Amino acid sequence: MRENPQFTDQYDVVIVGAGLSGMYQLIKLRELGLRTRVIEMGSDVGGTWYWNRYPGARFDSESYSYGMSFSEELLEEWDWSEHFSAQPETLRYCQRIAEKFDLKRDIDFDTRVTGARYDETQHIWQVSTSENQLNCRFLVTAVGVFSEPTLPEIDGMDDFQGDSWHTARWPHRAVDFSNKRVAVIGTGATGVQVIQEVAKTADSLTVFQRRPNYCLPLGNKPITELEQVDIKSRYQEIFERCASTTGGFLHAPDSRLALEVSDEEREATFEKLYNTPGFALWLGNFRDCGTDQAANDMVSDFVRRKISERINDPIIASKLIPTDHGFGTRRVPMDSGYYEVYNQDNVRLVDLIETPFRCVTAKGIETTAEDFEFDIIIYATGFDAIVGSFRNMDILGRDGVNLKDYWAEGPITYLGIQAPGFPNLLTLVGPHNASTFCNIPRCIEQNVEWVSDLLAFMYKEGLETVEAASEAAASWVEHSEEMVSMTLIPTTDSWFMNVNQNLPEKKRTFLAYAGGAPRYKQKCDEVAEAGYTGFIFS
Ligand code: NA7
């Protein structure tokens, strides 16, 4: 395959990250015969599923729509045990892929990429890790979407004498909550999962909430033997369905408009979708619910009613019901008895809008109203989403420009795959890429296959470098902005919008691609078929 004898680099490709995208990229590059090394900061494969081992962590998308589709053998031999499987099983699944394809021999574990510098004379990337230095022709980031956890800045956090963890840095051992006074800070998708689990056994659980979210019932249940047979016989249909829906999930938007149907029909549809497992009410709803404020008000009102029916105390309910944003404009957490925990005697909700934190003490947390004592504090406070890993490495492109500075005012990418000025740097699941907003494994497969085809093309043609043209990137950014402006997402703050109040320096801008996975794929395919328009080769 290698037809460029003048290459003097140590590796053809270095991949940063051994989650699903890094592993699949390694498999594809081996098929091309490229010398590839994967650098992974964890001690094992799995990425998100390696790090996020907090109690309650599980899929919010149907297990069988999340698994990788590239190997029929793998599909045939792997049995998901639940419709929305839990983290330990998903980590085992990732380990199974590594084992089946003998991937670990090409992965350096416990090694963090600290930076990379593009050598413009030799056209190679010099990659620095916590352990060594390596050179490569292509640098492929497979760093995932939620890899850099963020902690709040509360005075005294280091003084706390009990145990405290961010959910994405959970200890590799079982944590027993019985007889423990536990605090959870944060009520996003992670907080909701951990809260409903901890509430089962903790002596007391105090939830510190800033902004409430609209949670939907997940509807999880075990997969029966009959269902297993059915799923396996329908994999092709399942993946074809995912390839056709905006989000790459099984749920496709309803072509009707909420504003056009009768009140009865609308309510009946909302009710049906609410009782359908998974993201149905979010992604399978009337198509105007995410784009038209009046339609969105209707579904928001419906979910508010549903939440209030599940909570006994109307005052607590009023704190848990969002009024500052519309349903679906932020990530919708999926719940399995979340609201009902607030009916339990051992659970208490503290509204941080009313009584903000004053400090963390040796014994617990002090708000403006009260001193609390805890044995464990759990920070479910989110991530520097999508761009965090890039902000934590020094990736120096042409003229020594640091990628994090280049992206300080918001990412500039072409197809979410390349940034101008950073030749041969390919960003799987990067900003402005459908992967960051849609069913991630479905988009990972598309991204990896597209990048692999690009590299195959380059080696075949004897091309050394590929770089996104500035004009192509500018029009991709403009297109991404246009796509999101057609939705209600910009009407509120969230990680979608690059807003993380713990990182005030971040500029408010949309980080993902809202045009949908099929449109994204079509654009990528058109570019490739036309000879990679918008990319400059040398
Ligand atoms: P999210 O969705 O960013 O949620 C973080 C939560 O933590 C959210 O409720 C925040 O409240 C809260 N938070 C963050 N900082 C603070 C401080 N300083 N004080 C109080 N509360 C705070 O992260 P998740 O981990 O739940 O989910 C990330 C993704 O993982 C998710 O979307 C899934 O796709 C998987 P806020 O809303 O900012 O008021």
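The values are calculated or read from the model by the stated rules, or taken from the named source; none is laboratory data. This one's a predicted model, so the numbers in the text were calculated from it and none came from an experiment. In this analysis, Cβ positions are derived from the backbone assuming ideal geometry, glycine residues included, and neighbour counts consider all displayed protein chains.
Some observations on this one:
- Among the residues listed as L205, L216, the single one being away from the ligand (no atom under 11 Å from the Cβ) and either more than 21 Å from the chain's Cα centre (by Cα) or surrounded by fewer than 16 Cβ atoms within 10 Å (Cβ to Cβ) (or both): L205
So that you can scan it fast, the table gives a plain yes or no per residue for (1) under 29 Å from the mean Cα position of the chain (by Cα); (2) of a type in the set (V, I, T):
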position: P314; (1), (2): no, no
position: K319; (1), (2): yes, no
position: H325; (1), (2): yes, no
position: R330; (1), (2): yes, no
position: Y339; (1), (2): yes, no
position: N343; (1), (2): no, no
position: I353; (1), (2): yes, yes
position: R358; (1), (2): no, no
position: T361; (1), (2): no, yes
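- Per-region count, the stretch 236-264, residues assigned to a loop (DSSP other than H, G, I, E, B), among the polar types (S, T, N, Q) and in contact (Cβ under 8 Å) with a residue 12 or more places away in the chain: 3
- Residue check for I395: surrounded by 17 or more Cβ atoms within 10 Å (Cβ to Cβ), at pLDDT 95 or above, assigned to a strand (DSSP E or B) and more than 16 Å from the ligand (Cβ to nearest atom): yes
- Selection over the stretch 155-184 of residues that are small (G, A, S) and assigned to a strand (DSSP E or B) gives a count of 2.
- Qualifying residue in the stretch 488-499 (condition: away from the ligand (no atom under 16 Å from the Cβ) and in contact (Cβ under 8 Å) with a residue 24 or more places away in the chain): yes
- Odd one out for T491, checked against (1) surrounded by fewer than 19 Cβ atoms within 10 Å (Cβ to Cβ); (2) within 15 Å of I417 (Cβ to Cβ); (3) of a type in the set (V, I, T): (2)
The rows are residues; the columns are (1) more than 27 Å from A189 (Cβ to Cβ); (2) hydrophobic (A, V, I, L, M, F, W, C); (3) touching an Asp or Glu at 6+ places or on another chain (Cβ under 6 Å).
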position	(1), (2), (3)
A456	yes, yes, no
A469	yes, yes, no
H479	yes, no, no
E482	yes, no, no
T492	no, no, no
P504	no, no, no
A514	no, yes, no
K521	no, no, no
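- Subset tally (residues that are surrounded by 14 or more Cβ atoms within 10 Å (Cβ to Cβ), more than 30 Å from K180 (Cα to Cα) and more than 16 Å from the ligand (Cβ to nearest atom)) for the stretch 132-168: 9
- Within the stretch 191-232, being in a helix (DSSP H, G or I), farther than 22 Å from T355 by Cα and out of contact with any helix residue (DSSP H, G or I) (no Cβ under 8 Å at 6 or more places or on another chain) holds for Q193, E197, V198, E225, L226, E227, Q228, V229, D230.
- Unique match (being farther than 30 Å from L151 by Cα, not in a loop (DSSP other than H, G, I, E, B) and not basic (K, R)) among E467, E481: E467
- Boolean, A528 is more than 25 Å from the chain's Cα centre (by Cα), of a type in the set (A, V, I, L, M) and surrounded by fewer than 20 Cβ atoms within 10 Å (Cβ to Cβ): yes
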